[in-house]
Amino acid sequence: MFFFKKKLKSTIQVFNTASKQKEPFMALKEGQVKMYTCGPTVYDYVHLGNLRSYVFSDIVRRTFEYAGYTVRQIINITDFGHLVGDADDTEDKMTLALKREGKELTMENMARLADTYIASFKTDLSEMNIKPPLAMPRASEHVGGMRAYVEMLLHKGFAYKTSDGVYFDTSRFPQYGGLGGSSSVDHSRTGVSVEKKNPRDFALWKFNAELGWDAPWGKGFPGWHIECTAMSTHYLGKTFDIHTGGIDHIAVHHNNELAQAEAANDKPYVKYWLHHEFVTVDALRIGKSEGNAITLTQLKDRGIHPLAYRYWLLGAHYKQKINFTWEAVQACQTALHRAWKIYADLQGRGSVDSRYRTRFEEAIYDDFNTPQAVAVLWDLLKDETIPGADKRATVLMIDSVLGIGFGSAHSRSKTTLHVVETTPVPEAVQALISEREAARKEKNFALSDKLREDIQKEGFTILDGPTGPVVKKTSS
């Protein structure tokens with residue numbers, strides 16, 4: 001293992017959504033970064049567009065750690081309360097998922113449903129080489145803190161009760177909507193109710209006589225927005241350094257988070273807001289509602305390594321939209337394999353080349369400019385004037401931030417390595433596997449996905465390796 005001497009940097013430039021400009025980062029406490037990343041609502045598998053959020057936050061974290069900071073990162077899990085869209089009168093996504101899967105609407109079933117998709121999410125993060133956060137709290141574990149926030153906001157006059165819940169009064173918070181310059185945006189989409197004082201007012205608590213948690217104002221569920229305010233401040237304090245998320249969160253969710261926190265605590269909530277752009281397919285945002293929600297499993301089914309997708313994402317600046325095509329990601333896989341093979345031929349324990357260190361830092365410290373950092377990596381790999389051992393050390397230094405697999409089993413071999421387990425399978429399952437292989441060869445990926453699900457229902461997991469499918473018994 002190579003160790004790099006780290007020098008604390010205060011010259012990292014970040015684009016702050018709050019100020020709408022690039023700023024030099026200055027930590028609230030020297031040498032420490034407290035960072036919150038909006039996590040998934042676990043009603044389904046995360047898709048490739050979702051994963052951009054966690055790759056981006058991972059690059060942010062790795063950059064600060066490379067620069068010598070200690071990073072305290074939290075990624076939350078929303079396991080109830082996230083309404084469809086931003087309207088207050090729509091159904092909860094977890095409730096819809098239970099109906100989709102034909103399960104009785106109970107708190108126990110909601111928790112079990114969440115367990116399934118949380119496990120899948122954690123697997124996706126691991127396969128994308130995303131560092132695990134300090135904590136990944138579930139919203140259901142922090143209802144007490146959410147109740148306390150609602151109670152405080154009611155007491156201070158920032159909230160009011162209606163027949164269906166408790167709402168935040170945006171008229172009491174004059175700066176509401178200022179994050180990202182969205183104060184002029186029409187927030188009427190957040191739901192119009194005759195009992196609302198303003199169309200922009202949003203739910204802090206929704207009543208439900210049958211499900212949820214007890215509260216002085218009525219049984220029910222905390223609102224989605226209060227979840228993040230309560231969990232972020234519980235782990236990071238009332239004011240923290242960085243909040244990351246997608247640009248779709250700016251106008252409503254993050255403005256709501258900010259308003260709740262600052263109204264309750266009388267303190268600034270977040271110093272730097274960092275937002276990434278969408279991944280699109282045919283110019284449409286990737287999403288379940290758009291019907292183009294490609295998962296990491298589907299990517300692997302086509303023989304594409306998760307790190308190839310990570311590498312593809314790094315080829316665009318996080319503030320740029322990036323249009324997904326299978327051909328583009330396949331080309332990135334070819335390029336990444338080529339880079340791994342070059343690295344595999346490098347031997348010895350050398351020293352980091354100072355010129356490439358400087359060039360890399362200039363790129364990554366400039367608002368996390370990963371396209372430029374990747375260009376520096378390729379210049380290094382092609383540079384025949386750098387001794388092999390020094391080149392190897394410098395590649396590992398760069399990869400400590402990019403996280404695209406150098407130093408792993410993939411880059412130590414001339415071919416991509418897969419570690420799998422084999423197990424005997426029944427004839428019926430073997431028949432499904434054979435049918436699925438035929439579908440894959442015919443590029444009938446819809447049928448291939450369906451057959452994968454059929455195999456899973458029989459209690460087996462299928463992995464696509466370089467020599468064919470490998471099946472193992474699903475853990476009970």
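The values are calculated or read from the model by the stated rules, or taken from the named source; none is laboratory data. Nothing here was measured: the structure is a model prediction, and the numbers come from that model. As a convention, Cβ positions derive from the backbone with ideal geometry for all residues, glycine included, and neighbour counts pool all protein chains shown.
Does region 163-178 contain at least one residue that is assigned by TED's automatic domain parsing to the domain that holds residue 275, at pLDDT 95 or above and among the β-branched types (Val, Ile, Thr)?
yes
Say we look at region 352-379 and pick out the residues that are under 30 Å from the mean Cα position of the chain (by Cα) and among the aliphatic types (A, V, I, L, M); which of these is surrounded by the fewest Cβ atoms within 10 Å (Cβ to Cβ)?
Restricting to residues being under 30 Å from the mean Cα position of the chain (by Cα) and among the aliphatic types (A, V, I, L, M), the top hit is 375.
Could you count how many residues in region 7-63 are assigned to a strand (DSSP E or B), of a type in the set (Val, Ile, Thr) and under 18 Å from the mean Cα position of the chain (by Cα)?
2
Of all residues in region 26-85 being touching a residue at least 24 places away in the same chain (Cβ under 8 Å) and among the basic types (Lys, Arg), which is nearest to residue 253 (Cα to Cα)?
Filtering region 26-85 for residues that are touching a residue at least 24 places away in the same chain (Cβ under 8 Å) and among the basic types (Lys, Arg), the one nearest to residue 253 (Cα to Cα) comes out as 52.
Taking region 130-146 only, how many residues are surrounded by fewer than 19 Cβ atoms within 10 Å (Cβ to Cβ) and either under 29 Å from residue 399 (Cα atoms) or in contact with a Cys (Cβ under 7 Å, 6 or more places away or on another chain) (or both)?
5
For region 106-134, which residues satisfy the criterion of being within 14 Å of the chain's Cα centre (by Cα) and not in a helix (DSSP H, G or I)?
Within region 106-134, 128, 129, 130, 131, 132, 133 qualify.
Of everything in region 255-270, what is part of a helix (DSSP H, G or I) and touching a helix residue (DSSP H, G or I) at 6+ places or on another chain (Cβ under 8 Å)? Give them in sequence order. Explain how you work it out, then say what you get.
Residues of region 255-270 part of a helix (DSSP H, G or I): 255-265.
Those that are part of a helix (DSSP H, G or I) and touching a helix residue (DSSP H, G or I) at 6+ places or on another chain (Cβ under 8 Å): 255, 256, 257, 258, 259, 260, 261, 263, 264, 265.
Taking region 158-178 as the region of interest, how many residues are touching a helix residue (DSSP H, G or I) at 6+ places or on another chain (Cβ under 8 Å) and among the charged types (D, E, K, R)?
Count: 2.
Please identify the pairs in which a residue from region 227-242 that is touching a residue at least 60 places away in the same chain (Cβ under 8 Å) and assigned by TED's automatic domain parsing to the domain that holds residue 146 has its Cβ atom under 6 Å from the Cβ atom of a residue that is among the basic types (Lys, Arg) and not in a helix (DSSP H, G or I), counting only partners at least 6 apart or on another chain.
Hits for this filter: 236/34; 239/267; 240/34; 241/34; 241/271.
Going by the structure shown, is residue 310 crowded, with 19+ Cβ neighbours inside 10 Å, at pLDDT 95 or above and part of a helix (DSSP H, G or I)? Let's see the steps before the verdict.
Values: crowded, with 19+ Cβ neighbours inside 10 Å: yes; at pLDDT 95 or above: yes; part of a helix (DSSP H, G or I): yes.
The answer is yes for residue 310.
Residues of region 445-460 being assigned to a helix (DSSP H, G or I) and not hydrophobic (A, V, I, L, M, F, W, C), which ones?
Result: 448, 449, 450, 452, 453, 454, 456, 457.
Got a sec? Which of 205, 217, 273 is in contact with a strand residue (DSSP E or B) (Cβ under 8 Å, 6 or more places away or on another chain), in a loop (DSSP other than H, G, I, E, B) and in contact (Cβ under 8 Å) with a residue 12 or more places away in the chain? Walk me through it before giving the result.
Details: 205 fails: in a loop (DSSP other than H, G, I, E, B); 273 fails: in a loop (DSSP other than H, G, I, E, B).
Result of the check over 205, 217, 273: 217.
Go over the candidates 226, 242 one by one and state the one that is assigned to a helix (DSSP H, G or I) and either at pLDDT below 90 or of a type in the set (A, V, I, L, M, F, W, C) (or both).
226
Can you find even one residue in region 287-297 that is without any contact (Cβ under 8 Å) to a residue 24 or more places away in the chain and either part of a strand (DSSP E or B) or of a type in the set (Lys, Arg) (or both)?
Taking every residue of region 287-297 in turn, none turns out to be without any contact (Cβ under 8 Å) to a residue 24 or more places away in the chain and either part of a strand (DSSP E or B) or of a type in the set (Lys, Arg) (or both).
Which of the residues spanning region 46-56 are buried (at least 24 other Cβ atoms within 10 Å of the Cβ) and over 15 Å from residue 122 (Cα atoms)?
Of everything in region 46-56, just one residue is buried (at least 24 other Cβ atoms within 10 Å of the Cβ) and over 15 Å from residue 122 (Cα atoms), namely 56.
Of all residues in region 434-459, how many are hydrophobic (A, V, I, L, M, F, W, C) and modelled with pLDDT of 80 or more?
Final tally of qualifying residues: 3.
Looking for whichever is at pLDDT 95 or above, among the charged types (D, E, K, R) and either surrounded by fewer than 17 Cβ atoms within 10 Å (Cβ to Cβ) or within 22 Å of residue 152 (Cβ to Cβ) (or both) here; the options are 271, 288, 267. Which one fits?
Going through 271, 288, 267 in turn, just one is at pLDDT 95 or above, among the charged types (D, E, K, R) and either surrounded by fewer than 17 Cβ atoms within 10 Å (Cβ to Cβ) or within 22 Å of residue 152 (Cβ to Cβ) (or both): 267.
With the requirement that a residue be over 12 Å from residue 69 (Cα atoms) and among the β-branched types (Val, Ile, Thr), what does region 25-55 give you?
The answer is 37, 41, 42, 46, 55.
Yes or no: region 110-120 includes at least one residue that is of a type in the set (A, V, I, L, M, F, W, C) and loosely packed, with under 14 Cβ neighbours inside 10 Å.
Yes, there is a match, as at least one residue in region 110-120 is of a type in the set (A, V, I, L, M, F, W, C) and loosely packed, with under 14 Cβ neighbours inside 10 Å.
Out of all the residues in region 352-400, which are closer than 22 Å to residue 275 by Cα, outside any loop (DSSP other than H, G, I, E, B) and of a type in the set (A, V, I, L, M, F, W, C)?
Passing the criteria: 363, 364, 373, 374.
Report whether or not residue 360 is at pLDDT 90 or above and in contact with a strand residue (DSSP E or B) (Cβ under 6 Å, 6 or more places away or on another chain).
Numbers: at pLDDT 90 or above: yes; in contact with a strand residue (DSSP E or B) (Cβ under 6 Å, 6 or more places away or on another chain): no.
Answer is no for this residue.
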